[in-house]
Amino acid sequence: MATLAGRLEALTLRALEQIVGDSDALAAQIAPTRDEKHGDYQCNAALGLARRLGRNPRDFAASLAEAMLGLDESGLLETAEVAGPGFLNLRVRDQALVEALQGVGAPAEPGGRRVVVDYSSPNIAKQMHVGHLRSSIIGDAVCRILDHMGHEVIRQNHVGDWGTQFGLLCAYLMDRGTQGVEVDLGDLEALYREAQALAGTDEAFRERSRERVVALHQGDEETLATWRRIVTTSVEHIHQVYHRLGLLLTPEDMRGESFYNPRLQTVVEELQARFPAGSRPMEVVEDQGAVCVFLYDEQGEPRFKNAQGEAQPLLVRKSDGAFLYPTTDLAALSFRVRDLQADWLVYVTDSRQALHFQMFFQAARDAGWVGERTLEHVTFGTVLGPDGKPLKTRSGENVKLADLLEEAVDRAARLVEENEQDSARRRGFSAAEKRGIAEAVGIGAVKYADLSQNRSSDYVFSFDRMLAMEGNTAPYLMYAYARIRSIQRRAGELPQDPTLLLGEVHERRLAMHLARLEETLDQVVHGWRLNLLCEYLYGLSGLFMKFYENCPVLAAPTPQVRDSRLALCEAAARVLQVGLGLLGLRVVERM
């Protein structure tokens, strides 16, 4: 069902076409009003358009209002009033608002675009650490929202499972004769450090490591068997973390660099054949075995320059014949476009990779692989410690993600126990209920604290702040949801298809906010401002509390009003659950 803003936009465009004729340049410019005294929505189209047409803006706005009311066959508008120098303040009819609430929070019908979302991307043979947190949960939320909006989402977990380091680790494991011995991930990390140290002092071992890289690339079964053990051990750990985080990534979504290895030479050869030296807008130059891609703008100037002002190439093959990250990323993009038939590609990585993505995106466009498809690089800042530096352990190591999540749940469990020891707040939870609440609140607090930030900014990690019961936090929103469910439990049987009555200001204010869920999601997707959804949910929780304080539900003056307010409670609970779910958070029925 179309949103209120969408319906108003369509009505405005019809009215503008009636006044000035059909034009592709027309824009409705519908936005919610900042003050409800001025209506529900504001239309800013008349002011700029009147000036372009040489007409008086207020007169033009009055004509627009008259045309909109005349064309409003569905009964959408109650009033359309001219304000200021030529704005229109629009108030929708209560019946239109009630209709907009029907099915609010329900997912859209399938039929959108096919979207590949590349996110998380941990390295094999290493434990996931806090640096993987943001890509994992931001990417998961992006996928959930796209799913909700009716798009076909293909998740891709591009893991580092290939290259020189695996030759080093395979050689070390095989020299020790541990091919058939179970090795856990902690052992692998320690063994890799030992292998690195040995390679620094033992030339013979360095040579065996290089030979293992070659053997791996050539498909030597013994080397491959060792490599598979390394990968299997790592993947088990990765998906344990994903399960606890509540991510939707599966092992089937994982495509390592090894998958693209057979395609890398083909990518380089295609670019060399199509864009030899001297070509524009791209030329591929080979220099002493190294293959460089240079990119040029419409004026023939280099698109990318180094600090010295010289053309900066995208290196796709080293002089020793080894391929690099740009080669793998180009091969992956080609696969996603040609094989997966995606028409929208989203990559979620930290902002330090911005230049790399700009260059390989441009190379793919100039190669003709992209066409009208959308490429998006969704970047994010760094998780900082109290000292304002990247979050580390006291010994200076990366904080392991599994340890961070465990501490979050432990802290949440202590808060639950403290509440249970307070006779005024005791809920009588069973041990299983307390564990479930601690898990949902602890993990949810970590995720929400991250997603509620401006995605591009760094933020300071604080358990105390993210677990607070007040403010824009997961525990506050989860408590609001649990409180609604408590009201419903006390109400007993809920009404079926009640008539919604919006006679009180707090009832209408809550209903209007609920109706704007999909409008908010439309804003979120443009620029992937996930914090807007968090702000929407925080605002919803506050509006519900105001509604509950001012509009008695169980003690409503009439059965009809009671049923109407219970229906508003149900809509609020449903939207909170859906909204938090889109962010990857679970709710709890009691808290």
> Does the stretch 401-582 come out rounded, prolate or oblate, given a ≥ b ≥ c as the square roots of the eigenvalues of its C-alpha gyration tensor, rounded meaning a/c under 1.5 and, failing that, prolate meaning a/b above b/c?
Replying inline: oblate
>> If amide hydrogens are placed 1.01 Å from N in the peptide plane, which non-local residues have theirs closer than 5 Å to the one on V153?
In response: V115
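Sort 216-225, 401-410 by the packing proxy (mean of other Cβ within 10 Å over each peptide's residues), most packed first.
Details: 216-225: 13.9, 401-410: 17.5.
The densest-packed peptide leads the list: 401-410, 216-225.
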> Going by how many other beta carbons lie within 10 Å of each one, how would you line up F335, F294, fewest first?
Replying inline: F335, F294
> Is the shape of the stretch 261-378 rounded, prolate or oblate, going by the alpha carbon gyration tensor and its root eigenvalues a ≥ b ≥ c, with a/c under 1.5 for rounded and a/b larger than b/c for prolate?
Replying inline: rounded
> Under a straight-distance cross-link criterion of Cα-Cα below 17 Å, which aspartates and glutamates are reachable from K305, leaving out those fewer than 8 residues away in the same chain?
Replying inline: E283, D297
> Hey, got the dipole for the stretch 164-246? About the Cα centre, +1 on K and R Cβ, -1 on D and E Cβ, debye to the nearest 20?
Replying inline: 220 debye
>> Loop only by DSSP, 12 or fewer other Cβ within 10 Å of the Cβ. Give me the GluC sites (Glu not before Pro) in the stretch 445-509 that pass, ordered by residue number.
In response: E470, E493
>> Antiparallel versus total DSSP beta bridges in the chain: what percent is that, nearest 5?
In response: 60 percent
> Under a point-charge model restricted to the Cβ atoms of Lys and Arg (+1) and Asp and Glu (-1), what is the dipole moment magnitude of the stretch 401-582 relative to its Cα centre, in debye to the nearest 20?
Replying inline: 460 debye
> What does the helix-only formula give at 222 nm for the chain: each DSSP H stretch with n ≥ 4 adding -39500 (n - 2.57), the total divided by the residues, and the result rounded to the nearest 500 deg cm²/dmol?
Replying inline: -17000 deg cm²/dmol
> Just going by the charge dipole of the stretch 261-378, with Lys and Arg at +1 and Asp and Glu at -1 on Cβ, which of C292, V346, N306 is farthest out on the positive end?
Replying inline: V346
> Applying the Karplus parametrisation 6.51 cos²θ - 1.76 cosθ + 1.60 with θ = phi - 60° to the phi angles of the stretch 127-135, what ³J(HN,Hα) value in whole Hz is obtained for each residue in order, glycine and proline being reported as x?
Replying inline: 6, 5, 10, 4, x, 8, 4, 5, 4
>> If I compute Kirkwood radius over Cα pairs in Å from the structure I just sent, which labelled value in (1) 27.0; (2) 27.7; (3) 29.2 lines up?
In response: (2)
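Quick check on the stretch 31-85: take the gyration tensor over C-alpha atoms, sort the square-rooted eigenvalues as a ≥ b ≥ c, and tell me if it's rounded (a/c under 1.5), prolate or oblate. Could you put the intermediate results ahead of the total?
Values: a/c = 2.33, a/b = 1.29, b/c = 1.81.
Cα axes put the stretch 31-85 in the oblate bin.
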> For the stretch 40-60 and the stretch 159-208, what is the separation of their Cα centres, given in Å?
Replying inline: 70 Å
>> Test of the criteria: in the stretch 162-229, which chymotrypsin sites (Phe, Trp or Tyr not before Pro) are in a DSSP loop and have at most 16 other Cβ atoms within 10 angstrom of their Cβ?
In response: none
> Quick one: Karplus J couplings for the stretch 379-386, per residue in order, coefficients 6.51, -1.76, 1.60, θ = phi - 60°, nearest Hz, x for Gly and Pro?
Replying inline: 9, 8, x, 9, 7, 9, x, x
> Placing +1 at every Lys and Arg Cβ and -1 at every Asp and Glu Cβ, with all other atoms neutral, what dipole size does the stretch 356-428 have around its Cα centre, in debye to the nearest 20?
Replying inline: 80 debye
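What are the GluC sites (Glu not before Pro) within the stretch 239-339 that DSSP puts in a loop, where the Cβ has at most 10 other Cβ atoms within 10 Å? Spell out each step's value before the answer.
Working: sites: E252, E257, E269, E270, E283, E286, E298, E310; in loops: E298, E310.
Here the sparse-neighbourhood loop sites are E298, E310.
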> Which whole-angstrom value gives the distance between the alpha carbon centres of the stretch 482-549 and the stretch 390-412?
Replying inline: 35 Å
> Taking +1 at the Cβ of each Lys and Arg and -1 at the Cβ of each Asp and Glu, which of F380, A445, F361 sits farthest along the dipole of the stretch 339-461 towards its positive end, judged by Cα position relative to the Cα centre?
Replying inline: A445
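For R91, what is the net charge nearby, where nearby means another residue's Cβ is under 11 Å from its Cβ and Lys, Arg count +1, Asp, Glu -1? Could the numbers behind the result be given before it?
On the way: positive: K37, R93, R508; negative: E36, D40, E78, E81, D94.
Every neighbour counted, the sum reads -2.
Bear in mind these aren't lab numbers, they're just calculated from the coordinates by the rules spelled out. The shown structure was predicted, so the numbers you read here are calculated from the model rather than taken from an experiment. FYI the Cβ positions are ideal-geometry reconstructions off the backbone, even for glycines, and counts take in every protein chain you see.
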